[in-house]
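Heads up: the structure comes next, in structure tokens.
The values are calculated or read from the model by the stated rules, or taken from the named source; none is laboratory data. None of these values were measured; they are calculated from a predicted model. As a convention, Cβ positions derive from the backbone with ideal geometry for all residues, glycine included, and neighbour counts pool all protein chains shown.
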Amino acid sequence: MNYVHQTPTEECPLTKERQGCSLSDCCGFRSIICSFISLTGLITTTLILQLVYDNNAFQGRLNIHGAVATDYINCSQIGTKILIKGGNAVDAAIASMLCMTVVAPHKASLGSGGYIIIYNHGYKEKPKVIDFLNNTTSAEFDELHVRIPAMLRGLEYTHTMYGKLQWQDVVEPSIILAREGFEVSRDFAYETTRNVNLGLFRHINAGEILALPKLANTLELVSKFGTNVFYNGSISNEIFLNKTNERLLNDLSSYEPKVITVQKSSLSQYAIYYPSNFNFLRSIIEEMNMLNISKENASSIDSEIIVAESIIKLALRLKNPYVNYTQSRKFTGVSSIDWQDTYVSIITGLSSPLNLAYNTGAGFVFDNIDNIDNTNSLLSLIPIIFFDEATVCGLRGVFSTDDSIIAGQILYNLLLRSMNVSTAVEYPRYYVLSDGIAIENDDRHSGNRLLHDSLMAIASMSKVDPNMITKSVNVIIKRKNLINGHSDSRGDGLASRF
């Protein structure tokens, strides 16, 4: 039997005479190189196609994601669409708040003021706070019993400093919504029924479609030419219904927001940042720290009662000046996060219930401050950033409210009781009102009755139905790379994420 013996060869790649090597006869190390190049080309092509044809899927696979929480689902969705378009959390929050001025003018108006807080967890710098509230009164505007309309100046300033998309792209969704119409919410319809003079609005019912063409025109001009057209241009005369008053126009045109310092408090291993003028929240956090309640015991009914009693006693002792406005002021908060781990919250409101007698010719309603007390009522608006200082990718988040007592309850639920965000927000609350305390009732929580009985022993019960106190807190949190957002059911909103 004859055998054919062949000497093993390493022609590819060692034989000098072979100058090339086709993909089909690759072997050894060159085979690995060829395979790697082919695989890399295939992956690159796939990713490019996904980027072009499926932007949302591409972002999801690269962990490029975000969320927005507001009191109106359309506004939350507008925010996430801005994120998908390439905008950052600042762009998304501004677009969502402009949307709220369209769909919820009883809580957010171009005529109101507020705060914006911004924090990037990657850079670990101190949060920034833009204040377009504290300097919104003047002698001339006081005579009209209204606040300087600071909203647009505050939003544009923030966008100029920290936004990414073009200003026009951020404003455009709200123009479309105002021009084409939106579904009227129950609370908006209810607020309009309390006015004899409907002004900008006809008689409306919940569920109807309402368009606001004057507001759409105002926003369109602002999107094209910036806010100067509002504060020092053609719109400024329309605001005052073409009644010439040079001093009013001067006060309007000279208005500027300002950046203010932040206050830091600590609770357990968490840093908590908020505007520096909120001494009452600082006192609440200090009080919770002194109780020295561990995370293991924080969810017990005994601990819950101790914390609630301590906060209410503190509020009664310090005579929180903003208690008197709890029922009258209206507010709304927008929270957002982007894939760069940037957190933003914008909070605004009206000092008193919507008063359509203060209509403007530009499609919005002034914030009515008919007495000196109302002038200060919005000073309780508070945006909050918190994060775990002990763990790099630990829990961090953002929210805003108009009540430091509510803020204390949310922080206690999230940071010490380790509740998920939905439970932390929806958990029954207690309020300190001008005529006593009010406690939400929820039979699903066994300790609710015990808490109610304990608090009755230290303060009188308010005559106000706590279920009518619709203070919504819209929260976004992140732990490691997992984002969770929740819009408070008290505000009838829904969060949106992608």
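Some observations on this one:
- Candidate set from segment 347-365 (those that are touching a Pro at 6+ places or on another chain (Cβ under 7 Å) and assigned to a strand (DSSP E or B)); member that is farthest from I118 (Cα to Cα): V365
- Applying the criterion of at least 1 residues that are under 17 Å from the mean Cα position of the chain (by Cα) to the strands (runs of 3 or more DSSP E) found wholly in segment 394-452 leaves 396-401.
- Just one of the listed residues (V262, V229) is under 30 Å from A407 (Cα atoms) and buried (at least 16 other Cβ atoms within 10 Å of the Cβ), and it is V262.
- Selection from segment 443-470 of residues that are under 22 Å from D187 (Cα atoms) and either free of Cβ contacts under 8 Å to residues at least 60 places away in the same chain or crowded, with 18+ Cβ neighbours inside 10 Å (or both): K463, D465, P466, N467, M468, I469
- Residue within segment 254-271 that is among the β-branched types (V, I, T), more than 25 Å from L155 (Cβ to Cβ) and in a loop (DSSP other than H, G, I, E, B) present: no
- Unique residue being in contact (Cβ under 8 Å) with a residue 60 or more places away in the chain, surrounded by 14 or more Cβ atoms within 10 Å (Cβ to Cβ), among the β-branched types (V, I, T) and not in a helix (DSSP H, G or I) when the list is I284, I311, I293, I305: I293
- Screening the candidates S377, S422, S400 for the property of being surrounded by fewer than 22 Cβ atoms within 10 Å (Cβ to Cβ) and of a type in the set (S, T, N, Q) yields one hit, S422.
- When segment 433-447 is filtered for residues that are in contact with a strand residue (DSSP E or B) (Cβ under 8 Å, 6 or more places away or on another chain) and under 30 Å from L395 (Cα atoms), the ones remaining, listed by number, are I439, E440.
- Pairs linking a residue in segment 484-498 that is surrounded by fewer than 23 Cβ atoms within 10 Å (Cβ to Cβ) and part of a loop (DSSP other than H, G, I, E, B) to a residue that is of a type in the set (K, R) and at pLDDT 95 or above, with Cβ atoms under 9 Å and 6 or more positions apart or on different chains, are F498/K81.
- Hits in segment 420-431 - residues which are farther than 15 Å from I305 by Cα and touching a residue at least 24 places away in the same chain (Cβ under 8 Å): N420, V421, S422, A424, V425, E426
A quick yes/no check of all residues on (1) farther than 22 Å from E220 by Cβ; (2) in contact (Cβ under 8 Å) with a residue 40 or more places away in the chain; (3) hydrophobic (A, V, I, L, M, F, W, C); (4) out of contact with any strand residue (DSSP E or B) (no Cβ under 9 Å at 6 or more places or on another chain):
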| position | (1), (2), (3), (4) |
| --- | --- |
| A108 | no, yes, yes, no |
| G111 | no, yes, no, no |
| Y115 | yes, yes, no, no |
| K126 | yes, yes, no, no |
| I130 | yes, yes, yes, no |
| I148 | yes, yes, yes, no |
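- Of the numbered criteria (1) over 25 Å from T348 (Cβ atoms); (2) surrounded by 24 or more Cβ atoms within 10 Å (Cβ to Cβ); (3) of a type in the set (V, I, T), the one I437 fails is (2).
- Taking segment 65-163 as the region of interest, the helices (runs of 4 or more DSSP H) fully inside it that hold 3 or more residues being surrounded by fewer than 24 Cβ atoms within 10 Å (Cβ to Cβ) are 73-84, 139-144, 151-162.
- Entry remark, segment 203-226: residues being exposed (fewer than 15 other Cβ atoms within 10 Å of the Cβ) and part of a loop (DSSP other than H, G, I, E, B) number 6 in total.
- Subset of segment 95-130 (residues that are under 14 Å from T261 (Cβ atoms), among the basic types (K, R) and in contact with a Lys or Arg (Cβ under 9 Å, 6 or more places away or on another chain)): K126
- Within segment 243-269, the set of residues being touching a residue at least 60 places away in the same chain (Cβ under 8 Å), within 20 Å of E143 (Cα to Cα) and among the acidic types (D, E) comprises just one member, D251.
- Failed criterion for I209 (all others in (1) within 25 Å of the chain's Cα centre (by Cα); (2) of a type in the set (A, V, I, L, M, F, W, C); (3) closer than 25 Å to T470 by Cα hold): (1)
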